[in-house]
Amino acid sequence: MGASALSRPTGDRPEERRDPGTQTPSEARRLRERAEQVRDRTRERKEQVRERTEHVRDRTRERTEQARMTVYRLFGIDRSGPPPPQTLPGEPLRIWTIPNVVGLVRLAFVPVFLVLALASDDGTHVLPAVLFAVIAGTDYLDGFLARLTGQYSRFGALLDPVTDRSLVLAGGIVCWSFDLLPRWALAVLVARELYMLVAGRMALGKGLKLQVNWWGRLAVWPTMGALFAALLGVGAPARVALVVGVAMALVAAAKYTRDARRELRGRRAAALDA
């Protein structure tokens, strides 16, 4: 055979074989990019699942909390948060609402109670005592109706404390006249109520937003209970309840005063910083 037969054609040279375990830099880069894309997609899916799960959990918690808070707020157990906007200074009075009608009726019966009680022989007649209890008990009714109907008003916010303190003052006058309760305790109670009336009007005039504290809420029960018991002629329990109620009322007044001063100092500091 000739040399030409043994020689291979120029274009027939076989390609060099590569080791299967080796990769070119471009292939390795593509594999890394694919792996990163897979990891990113997996991470995104996990994040989406986590967000959906948290969203469902938050919605469930929110609805449960709303239902619970609605019941608590309706019955006056929870009174946290800001006051209703309709009760703030500058809002219309809105006198003729269902809660305000109840409040006006309560206020109208205070002088009726006072006349009936002072006209009795010893101040312990059943009729004025029952009337006192009805006026005191319906204090909860107008607030409940306001929360139930949403008929909040600035007039109602002003009327409610005036009615309550007028009733306390009327009961104190009757008990003082017939010496049904210790007069020193009645004097302290009446002075506290007058102070709260004047200080409350001043706070409203300055635009202060004071929240009702628990001492003030709880003091109502022993105070009203003491006056009612005294009007029924129950002496000893009434005296104990009055002392407890007066002490709690004084603590509440001190807290109101402290909160008002703090808010005024905060306003002055903010005005100076501005």
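Structural remarks
- Residue match in segment 157-164 (condition: touching a residue at least 60 places away in the same chain (Cβ under 8 Å), of a type outside the set (A, V, I, L, M, F, W, C) and in contact with a Leu (Cβ under 8 Å, 6 or more places away or on another chain)): yes
- In summary, LEU227 fulfils each of the numbered conditions (1) surrounded by fewer than 18 Cβ atoms within 10 Å (Cβ to Cβ); (2) of a type in the set (A, V, I, L, M); (3) within 24 Å of LEU127 (Cα to Cα) with the single exception of condition (1).
- All told, VAL188 meets the bar of being farther than 19 Å from ALA117 by Cβ, among the β-branched types (Val, Ile, Thr) and touching a residue at least 60 places away in the same chain (Cβ under 8 Å).
- Among residues of segment 99-128, those that are polar (S, T, N, Q), in a helix (DSSP H, G or I) and more than 26 Å from ARG154 (Cα to Cα), counted: 0
- Options VAL126, VAL115, VAL110, VAL102: the member that is loosely packed, with under 14 Cβ neighbours inside 10 Å, under 19 Å from THR163 (Cβ atoms) and of a type outside the set (D, E, K, R): VAL115
- Residues (of a type in the set (D, E, K, R) and in contact with a Pro (Cβ under 7 Å, 6 or more places away or on another chain)) located in segment 210-249: ARG239
- Residue selection: VAL198 satisfies the criterion of being modelled with pLDDT under 90, part of a helix (DSSP H, G or I), within 26 Å of LEU104 (Cα to Cα) and of a type in the set (A, V, I, L, M).
- Among residues of segment 201-225 being assigned to a helix (DSSP H, G or I) and either over 24 Å from THR138 (Cβ atoms) or outside the structural domain of ARG262 (by TED's automatic domain parsing) (or both), the one that is modelled with the lowest pLDDT is GLY205.
The values are calculated or read from the model by the stated rules, or taken from the named source; none is laboratory data. Given the structure is predicted, the values throughout are model-derived calculations rather than measurements. Note that we place each Cβ from the backbone using ideal geometry, even for glycine, and neighbour counts take in every protein chain shown.
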